[in-house]
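Chemist: Could you have a look at this structure, given as structure tokens, before my questions?
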Amino acid sequence: MDRASICLCLAAESLEADRKLAEAYRGKADLLELRADHLRPEELARAGEFPRQVDLPVILTIRRVRDGGLFAGAESGRIATLERLVVGGFRYIDIEEDLDAPGLEARIAAAGVRIIRSLHDHGGVPADLGSRAVRLARRPTEIPKAAVMPKSTGDLARLLAVFSGQPRGERILLGMGDYGFPTRVLATRLGSFLCYTSPAGAVVAPGQVDPDTLESLYRFRSIGPATSVYGVIGNPVMHSRSPRIHNLGFGELGRDAVYLPFLVDDLDAFWDVADALDIRGLSVTVPHKQAVLGRLSEADSVVRATGACNTMVRERVGGPWKGSNTDVAGFLAPLRELFGGALPRGLGATVIGAGGAARAVVHALAAAGARVLVLNRGEDRGRRLAADFAVQYASLDESGFAEARAFADLVVQTTSVGMAPESSADPAPGLVFTGREIVYELVYSPPVTPFMKRALDVGCRVVGGLRMLHAQAMEQFRLFSGAEYPARALAELERERD
Ligand code: NAP
């Protein structure tokens, strides 16, 4: 099958505004969808003129409210409008699976317009999706389309199972929202006829990105039926910089590979997704770094020492996963730069947090001979981490902050507090900086957290999370691709960081 087309959805209130949007994306999209349900009534009346005003094939859609659209009028009025407009030169018309309008269908056939026969469910993935998808595809001249809303990793796994059980004819099967996002980018890989996009800043359906992002961030037009799939699993994960880093590297090396964010609420269900997409490599982030250990057949010495894994690779579908931890090397790289080599022995370090990232940090610092104090909200987890690496623990409150004064050469913030979208939070507002500390923030989105800002304001030397992210990603890239991260791509990342 050919590559999936990029369809730009136009949902302005006037035809002129839609035409300008189409013009703004000239050369970026292969076809347009006119969402005529968004047009003002007087504009809807003239919508048949639109195909002549643009130079791409156009899909005509008047979506009902119950299917996620804006058309709230009587069904008879909608059908009459479709009948009138369909002769305007549209290439496709999107009509629903339950539409019973033989007169309209006769007119569509007479006008030589192809039907996209659609099913929408904004509430979830229907239990009977498989049988409904088969019914949708019963007329060979039509293009069946199912657009559903996975609300969990399990829903995505079910949706992919339906994809793989279907013959790979012309079809559109997609998952909306963050859980379904990979199905959009992988349209060609999954045998879908097109990928819907929206103009930047005017998202028409949940999960759509603009054509520029689809191409520049995800290399959409390079993805083929055999492209290797990599990704990052986390919750939250859609803010992750890792797709930018790895796709840039794959692109620079000309590899047939793509890297995607996978929002994962249920790891057990995710392994079915990984098999369905034949995923070969994964970055692992909050909160799964410890939970993935049970899935590993092999683990490197850092995973064994830290009990946390941030990288998984395998050589074939269903094959054993090998786990590595690149956070330790990534964490140390900016400090080595700062100290011009090894860390000074006896350095006093406070580590806030006791999750997967903290385990890597404490392991790295203890092995480098630092004196470490762990501050954590949850006492059990904090004490366990401190005991595992023979360092000290105190609570994340005023008494802990007082103890931290004796461990203040370096303060490392490893909790997820301050991470987008809740980026105004500070995990330790009572921990006062003097200006002499080196403050190291692991959160990298946003690039400056409130915690970092306090440190910058009093003149501390500050290391932001992007430095570590890039350093650990370079190691991961080597594990995924067997190649060094290309220098040109790294230079571009550095420019974006500064
Ligand atoms: P994790 O295993 O889920 O651990 C989360 C930690 O945050 C735990 O210590 C938890 O404390 C603490 N925490 C969560 N909410 C809190 C709150 N409201 N108040 C106080 N403490 C709170 O996550 P992780 O894998 O360690 O990742 C943590 C952060 O580091 C994430 O933002 C991640 O993106 C970032 N990170 C960045 C890099 C990088 O390269 N820059 C690398 C790795 C991680 P409890 O034990 O009390 O629940």
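Nothing in this text is a laboratory measurement; each read-out follows from the coordinates by a stated rule. None of the values given here were measured: they were computed from a predicted structure. So basically every Cβ, Gly included, is an ideal-geometry build from the backbone, and we count neighbours across all protein chains shown.
Chemist: Tilt of helix 15-24 relative to the longest C-alpha principal axis of the chain, in degrees (0 to 90, nearest 10)?
Modeler: 50 degrees
Chemist: Order these peptides, 20-28, 216-224, by their mean beta-carbon neighbour count within 10 angstrom, highest first.
Modeler: Ranking the peptides 20-28, 216-224 by packing returns 216-224, 20-28.
Chemist: Related question: Sequence-distant or interchain residues sharing an amide H contact under 5 Å with Ala425, placed H: which?
Modeler: Amide H to amide H, under 5 Å and 5 or more residues apart or across chains, Ala425 pairs with Gly418.
Chemist: Okay, next question. Step through the residues of region 170-179 one at a time and calculate ³J(HN,Hα) from phi using the Karplus curve (6.51 cos²θ - 1.76 cosθ + 1.60, θ = phi - 60°), rounding each to whole Hz and writing x for Gly and Pro.
Modeler: These are the phi-based 3J(HN,Hα) values: 5, 6, 10, 10, 9, x, 8, x, 5, 5 Hz.
Chemist: Separate question: Could you give each residue of region 144-150 its phi-based ³J(HN,Hα) in whole Hz, using Karplus coefficients 6.51, -1.76, 1.60 with θ = phi - 60°, and x for Gly or Pro?
Modeler: Couplings: x, 9, 10, 10, 10, 10, x Hz.
Chemist: Are there GluC sites (Glu not before Pro) in region 285-370 that DSSP puts in a loop and that have at most 16 other Cβ atoms within 10 Å, and which ones?
Modeler: In loop regions of region 285-370 (DSSP not H, G, I, E or B), the sparsely surrounded GluC sites (Glu not before Pro) are Glu315.
Chemist: Can you work out the Karplus-derived ³J(HN,Hα) for every residue in region 68-80? Use 6.51 cos²θ - 1.76 cosθ + 1.60 with θ = phi - 60°, whole Hz, and x for glycine or proline.
Modeler: Coupling constants for region 68-80: x, x, 10, 6, 10, x, 5, 5, 5, x, 5, 5, 4 Hz.
Chemist: Another one. Around Val317, what is the net charge, scoring Lys/Arg as +1 and Asp/Glu as -1 over all other residues with Cβ under 14 Å from its Cβ?
Modeler: Every neighbour counted, the sum reads 0.
Chemist: To the nearest 20 debye, what is the magnitude of the charge dipole of the chain about its Cα centre, counting +1 on the Cβ of each Lys and Arg and -1 on the Cβ of each Asp and Glu?
Modeler: 740 debye
Chemist: Additional query: Which of the peptides 243-252, 389-398 is most tightly packed, and how do the rest follow, judged by the mean count of other Cβ atoms within 10 Å per residue?
Modeler: Those peptides, ordered most packed to least, come out 243-252, 389-398.
Chemist: Per the Kirkwood treatment, what hydrodynamic radius in Å, one decimal, follows for the chain from the mean inverse distance over all distinct Cα pairs?
Modeler: 24.8 Å
Chemist: Return a whole-number percent for the relative contact order of region 360-466, with Cα pairs under 8 Å and 6 or more residues apart as the contact set.
Modeler: Taking the mean separation of contacting Cα pairs over the length of region 360-466, I get 20 percent.
Chemist: Return one number: the angle in degrees, 0 to 90 and rounded to the nearest 10, between the long axis of the Cα atoms of helix 327-339 and the longest principal axis of the Cα atoms of the chain.
Modeler: 60 degrees
Chemist: List the relative contact order of region 100-208 as a percent without decimals, with contacts defined as Cα pairs under 8 Å and 6+ residues apart.
Modeler: 21 percent
Chemist: Any idea what angle helix 356-367 forms with the longest principal axis of the chain, computed on alpha-carbon atoms, 0 to 90 degrees, nearest 10?
Modeler: Tilt of helix 356-367: around 30 degrees.
Chemist: Scan around Glu33 for amide H atoms under 5 Å from its own, H built in the peptide plane at 1.01 Å from N, and keep only partners 5 or more places away or cross-chain.
Modeler: For Glu33, the qualifying residues are Leu8, Cys9, Leu10, Ile59.
Chemist: Using Cβ contacts closer than 10 Å as the measure, can you line up Arg84, Arg241, Arg345 from fewest to most?
Modeler: Arranged by neighbour count, lowest to highest, Arg84, Arg241, Arg345 become Arg345, Arg84, Arg241.
Chemist: Ok, one more. Which whole-number percent gives the relative contact order of the chain, counting Cα pairs below 8 Å spaced six or more residues apart?
Modeler: Here the relative contact order equals 9 percent.
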